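Novice: Dropping the structure in here first, questions after.
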């Protein structure tokens, strides 16, 4: 039967009775509408929060479909250290996850680890070769920022050399995070993959010590900035490896070992004397790790002293729980005022109780001493873990710094031509970040630290940023247009509206509360005996189940709901053969017939359809 | 095979021989024997048809329409108020171009309740696009049911076969019931041109805008006009097959008649007797029986009356404000004809009041006595 | 594919239903469930127009338009005709509005199902005579505005319980459904198609024009009708065995449903409270009829 307008020339032309000979397809009811639906993917809160700029919703859909290798490649576009992040990231994505109110945030963190651990090709994804011939770039520091920068440059064809002060690569990943959180083999493999792209890592090369002699082999020789003049660009990612001081009498005593140094020795396998009764001072992840290492090293009694309350503790929630589970006692609202020694050895720590006053400029309530509340804690070792600082002694007058950090702009550029910086050294924890700090959403999946800055993911993002900037610079392009430092940078962005989808825009008719899948964990009694990994990750079944809980906020995942509810049958599925997942326009509206009723937009479970004024489209 | 049967059963035999496939009917006096016999025939398989025992005449015709457009031979029967109740559906059948055959037993309309013979019920439906045949005898009834299907299926219009209440419906007469094989030869199985067919997705009877409606109705009228010729041809074929041929009108002793009685239905039989009596006395009286009322056989009527001086139309019906309907239609047919006899429009026998040979004699006497009718409607045998 | 719904479309765009109308959705799903060996009979109603004017059609199955009161009778004839031709498996579906079912068509419907005619009768109920301009029917809910029950004198009779009337005929299958639950509707139509005898489906079909609601919210309203228990989804076998087929996840107050419809805007709190009470009572009665079990 025809789909055109039918014109009868005469009665003889017509059927004898009122009977159809054509279809209503001739009638383009699209002329009725004054608004039209448009498929428009928006930004889910997880993507918005990820400091490494991962496209979380995209790869979660791949996990749902069982395409783990594809998911891995998707993450690797933005972040080469997925096994690392899947273990140590404070997962701000989970804090913002809209599923929090429907049974708990998606366990994105554990899912990332699952993807990283799937068998499959270990190759890093290719990129278009944009490096000018023979361009060489120097990266100072092989922590996450440096590794990320090196990776993004090397895959574009740059010859990258990383100079690392410590005897092994990895920065804080190597020396700050113990292996029960980040197994060495995971870290080694991910660094090796980057090296396999042709990146050279020269350990034992500390910026700021003895000048290098031409031709001298890598070793205990040092570097100055001038020695890097031969490189077309330099990325400074020296991190913050200096411990902040306690600032109280007695802290020079033997038995007071700064947390970073303690962890470094433990992680590098160097001998370290552990006390029997240990006090760790501080509330961050370093403090937690120091305490847990002390337990594993044989300390009988480990106490953490924190000057604010649990609510203000910056360490990741799960870390605090695991630490307490391992028998570490935490005393809140207390701060040390004096290290007591006897015969030069630490015997006690005098402390003062605190109360919380008004919030400071970072938003956390200031601790105020309660006079007369001193008490003494018998300890034989004190590990201060009060925060980190960068060693910027190598800087010359051409590179600006402020508040102990290298000043960078949105492109990651320092004040010196061709020198970039990133990671903790450029934006450290003490600096106000571009986005105000957020509190944890609750016991399920909430992270503690201020958004982004100071985390591994942030460092990875900043390394990526600098690599993209360097690539532009060396190709003679402008460095304008980078997103602000608090915003993330993408390598392989989908065409997505920057509007972030809030929970109110999710259509709750399509979802019920389903509990979050917990990750397996070794028992506390078991795990304190060694440095084997504490968390056990997801099985495939658990991973699929958890990924399926993802609401896919703002991102079409081909659920067919719009197609199902169109009263005018004018939503068509396109190309079933195309790989599924967001970013592929899986449907198209037949605007010849769409009346603009808006049922599709109203029903879309995840706010992926907008209604727009028709006149805007008809010019 | 000859049997003495009532008119209602003649209908039933006709339907059985025509091999109707679906029957939907609701009982109403004096039609009930039609459906009762058909129920029995269906129940014991002598007629392979589905009998739908609907709950009203409106539903009866709707179901018949449904069956017909589904592509099968469909039949129903009714009378009087039942016919009136199915009025809107009659339009659906004709506009739907469905070859349905319906038997209507002419019965008076109330109030008050009246079961007697009167033609107003069927004539009140004369604008619905149905063919109408008025039967004089039970034989004619049976024969017309069979011919009705053949005509209907040729022109794609529904056909109403009309018989008088009690005088025909309940009176037993000898009727020759044809052999099934002979009927099968005369009336092959129904081959619908348009029907509901899975795999051929057409919509039927939907909204028709003014830009198309008139053409469809024009085509209906064309079919209606064609049906006159078809009826004549079928009547001849029937004669060849069964020895009884039919025309749209019947002329009885008409050729040299000065005075012509125009009748329809069973009154024709009574009138024949009177015409014979008067002819025996030397009066030049003739009879024109109008068999096909729709379409009105204008040419045949004009031709038959081309030499008559006076025409007495006997109407057992009335259209209030106009008079006898056959008379009115006949006058319309004569309008513009070269020869204009004087038409005497008689209304008689309403509500089943008996029409006897004496009544016909009175009609003839009046017509002879007067040059023209004394009033627009000549009411016979009414206490004024 | 996320939904258990047959893929094939038997309805085309270009039909002239109002934007957001529930009726084309109901029919779209019903046709998917039945497939192309189906004949549809459309009683005078909105679908008489939606189906397309001569010489066009909006569905890919044979469709017969018929008079207002003849939904049950025409279907009986069509079914008999198809069977006489040997097409015993062709489904006959009558599509009628609430007018053609509850009011002018109730006689023929009752008769057809009393005879247990083998067809599916689907009433798409938009709760008024919408095609003629929003006049009240016996399906109009208590308190609603229509053009013949204006605000000064809204409908003051409760909605006729057509499902109970059908169940009282002890037909093999009676069910309610609505467009927000297409899988439930499709399952019920398929189930109906598998049974010989009379099957009655009462499908709530939101009408933005007559309910004075947003076109975009028709599916939402349909869902709310179920979640508020205003329009429970259940099925009845042989007039006796009741099963609720979609359990509301949580019972939502009726005001949530009614506040989205202008036809209820004039109702005062006492009236709304009365409606809530009525809904609660009817729901409890229904649950009692199921023997307190919920299927599916």
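Novice: Sort B:220, A:62, B:1 so the one with the fewest other Cβ atoms within 10 Å of its own Cβ comes first. Write out the running numbers ahead of the final one.
Specialist: On the way: B:220 19, A:62 23, B:1 8.
Ranking B:220, A:62, B:1 by Cβ neighbours within 10 Å, fewest first, gives B:1, B:220, A:62.
Novice: Sticking with this structure for a sec: Before anything else, pin down the relative contact order of chain C: Cα pairs under 8 Å, at least 6 apart, normalised by residue count, whole percent.
Specialist: Details: 615 pairs, mean separation 48.9, N = 296.
Contact order relative to length: 17 percent.
Novice: Based on C-alpha coordinates, I'd like the Rg and Dmax of the protein assembly as shown, in Å.
Specialist: Over the protein assembly as shown's Cα set, Rg and Dmax evaluate to 46.8, 167 Å.
Novice: Report, in degrees rounded to the nearest 10, the 0 to 90 angle that the Cα long axis of helix C:182-193 makes with the longest principal axis of chain C.
Specialist: 40
Novice: Here's something else I'd like to know. Using alpha carbons only, what's the Rg to Rh ratio of region B:115-155 with Rh from Kirkwood? Can you show the working numbers first?
Specialist: Values: Rg = 11.8 Å, Rh = 11.7 Å.
My calculation of the ratio gives 1.01.
Novice: Hey, another quick one. Order these peptides, A:106-119, A:529-542, by their mean beta-carbon neighbour count within 10 angstrom, highest first.
Specialist: Details: A:106-119: 23.1, A:529-542: 15.4.
Going from most to least packed, we get A:106-119, A:529-542.
Novice: Cα-Cα pairs above 26 Å in region C:178-296: how many percent? Write out the running numbers ahead of the final one.
Specialist: Values: 1705 of 7021 pairs.
Tail of P(r) above 26 Å: 24 percent of Cα pairs.
Novice: Taking the convex hull of the Cα atoms, report for region B:156-262 its projected area averaged over all directions, in nm². Spell out each step's value before the answer.
Specialist: Numbers: hull surface 49.7 nm².
Mean projected area of the Cα convex hull: 12.4 nm².
Novice: Taking N as the number of residues in region B:1-141, what value does Rg over Cα atoms divided by 2.2 N^0.38 Å take? Kindly include the intermediate steps, with their values, before the conclusion.
Specialist: Values: Rg = 14.1 Å, N = 141, 2.2 N^0.38 = 14.4 Å.
Region B:1-141 yields a ratio of 0.98.
Novice: Could I ask something else about it? In Å and whole numbers, how far do the C-alpha atoms of region A:289-370 stretch along each principal axis, longest first?
Specialist: 38, 34, 16
Novice: Could you tell me what percent of the DSSP beta bridges with both partners in the protein assembly as shown are antiparallel, to the nearest 5? Show your work: numbers first, answer last.
Specialist: Working: 56 of 157 bridges.
Antiparallel bridges make up about 35 percent of those DSSP assigns within the protein assembly as shown.
Novice: Counting DSSP beta bridges with both partners in chain A, what percentage is antiparallel, nearest 5? Walk me through the intermediate numbers first.
Specialist: Working: 31 of 64 bridges.
For chain A, the DSSP antiparallel bridge percentage is about 50.
Novice: Also, quick follow-up: Ranked by Cβ crowding within 10 angstrom, fewest neighbours first, how are B:216, B:47, A:349 ordered? Walk me through the numbers before you get to the answer.
Specialist: Numbers: B:216 19, B:47 24, A:349 27.
By the 10 Å Cβ count, ascending, the order reads B:216, B:47, A:349.
Novice: While we're on this one: Taking chain B as the reference, fit the longest principal axis to its C-alpha atoms, fit the long axis of helix B:267-280 to the helix C-alpha atoms, and give the angle between the two in degrees, 0 to 90, nearest 10.
Specialist: Helix B:267-280 sits roughly 30 degrees off the main axis of chain B.
Novice: Considering region A:245-389, what Rg and Dmax in Å follow from its alpha-carbon atoms?
Specialist: That works out to 14.4, 43 Å for Rg and Dmax.
Novice: Additional query: Add -39500 (n - 2.57) for each DSSP H run of 4 or more in chain C, then divide by its residues: what number comes out at 222 nm, to the nearest 500 deg cm²/dmol? Write down the numbers at each step before the final one.
Specialist: Details: 10 runs with 100 residues, N = 296.
My calculation for chain C gives -10000 deg cm²/dmol from helical runs alone.
Novice: Something else now. Roughly what % of DSSP beta bridges within region B:249-379 run antiparallel, to the nearest 5?
Specialist: Numbers: 5 of 22 bridges.
So the antiparallel bridges in region B:249-379 amount to around 25 percent.
Novice: Mind pulling the per residue volume of the convex hull built on the Cα atoms of region B:243-286? Å³ is fine.
Specialist: Values: hull volume 3.9 nm³, N = 44.
About 88 Å³ per residue, rounded to a whole number.
Novice: Find the centroid of the Cα atoms in region B:260-275 and in region A:40-119, then give the distance between the two in whole Å.
Specialist: Using only Cα atoms, the two centres lie 100 Å from each other.
Novice: Sticking with this one: Run the numbers on chain A and let me know its relative contact order in percent, using alpha-carbon pairs under 8 Å that are six or more apart. Write out the running numbers ahead of the final one.
Specialist: Values: 1380 pairs, mean separation 137.5, N = 619.
Computed value for chain A: 22 percent relative contact order.
Novice: Using a Gaussian network model on chain C with a 10 Å cutoff between Cα atoms, which of C:174, C:146, C:57 fluctuates the most?
Specialist: Between C:174, C:146, C:57, it is C:57 that shows the largest mean-square fluctuation.
Novice: Pairwise over distinct Cα atoms, reciprocal of the mean inverse distance: report the Kirkwood radius of region C:167-219 in Å, one decimal place.
Specialist: Values: mean 1/r = 0.0801 Å⁻¹.
Roughly 12.5 Å, rounded to one decimal.
Novice: Tell me the volume per residue, in Å³, of the convex hull enclosing the alpha carbons of chain A.
Specialist: Details: hull volume 117.9 nm³, N = 619.
About 190 Å³ per residue, rounded to a whole number.
Novice: Can you give me the three principal axis dimensions of region C:34-74 from its C-alpha atoms, in Å, biggest first?
Specialist: Here the spans come out as 25, 22, 14 Å, largest first.
Novice: Round to a whole angstrom and tell me the spacing of the C-alpha centers of region B:338-384 and region A:324-353.
Specialist: Cα centroid of region B:338-384 versus Cα centroid of region A:324-353: 134 Å apart.
Novice: Let me understand region A:1-154 better: what is its radius of gyration from the alpha carbons, and its Dmax, in angstrom?
Specialist: Spelled out, the Cα radius of gyration and Dmax of region A:1-154 are 27.4, 90 Å.
Novice: Quick one: what does P(r) look like for region C:115-268 with 5 Å bins over all Cα pairs, in whole %?
Specialist: It works out to 2, 9, 18, 21, 20, 15, 10, 5, 1, 0, in whole percents.
Novice: Could you let me know the centre-to-centre spacing of region A:224-300 and region C:29-43, using Cα atoms, in angstrom?
Specialist: Taking the Cα centre of each part, region A:224-300 and region C:29-43 sit 75 Å apart.
Novice: Here's something else I'd like to know. Cα-Cα pairs above 40 Å in chain B: how many percent? Please report the intermediate quantities before stating the final value.
Specialist: Values: 9420 of 73536 pairs.
More than 40 Å apart: 13 percent of the Cα pairs in chain B.
Novice: A further question follows. Given q = 0.09, 0.15, 0.17, 0.18 Å⁻¹, what are the Debye log10 I(q)/I(0) values for region B:249-379, with equal point scatterers placed on the Cα positions and solvent ignored?
Specialist: Rounded to two decimals, the profile gives -0.21, -0.62, -0.81, -0.93.
Novice: Another question, then. What translational D, rounded to a whole number of µm²/s, comes out for chain C from Stokes-Einstein when the hydrodynamic radius is the Kirkwood one over Cα pairs, at 37 °C and 0.692 mPa s?
Specialist: Working: Rh = 19.1 Å.
Taking Rh from Cα pairs, D becomes 172 µm²/s.
Novice: Let me ask you something else. Compute the helix-to-body angle for C:269-289: its Cα long axis versus the longest principal axis of chain C, expressed 0 to 90° and rounded to tens.
Specialist: That helix lies at roughly 50 degrees to the long axis.
Novice: From the helices alone, meaning DSSP H stretches of at least four residues, give me the mean residue ellipticity at 222 nm for chain A, per-run term -39500 (n - 2.57), in deg cm²/dmol to the nearest 500.
Specialist: Values: 19 runs with 155 residues, N = 619.
Mean residue ellipticity, 222 nm, calculated: -7000 deg cm²/dmol.
Computed from the coordinates by the stated procedures, all read-outs in this text should not be read as laboratory data. All figures in this text were calculated on a predicted structure; none of them were measured in a lab. All Cβ positions, even for glycine, are placed from backbone atoms using ideal geometry, and neighbour counts span all protein chains on display.
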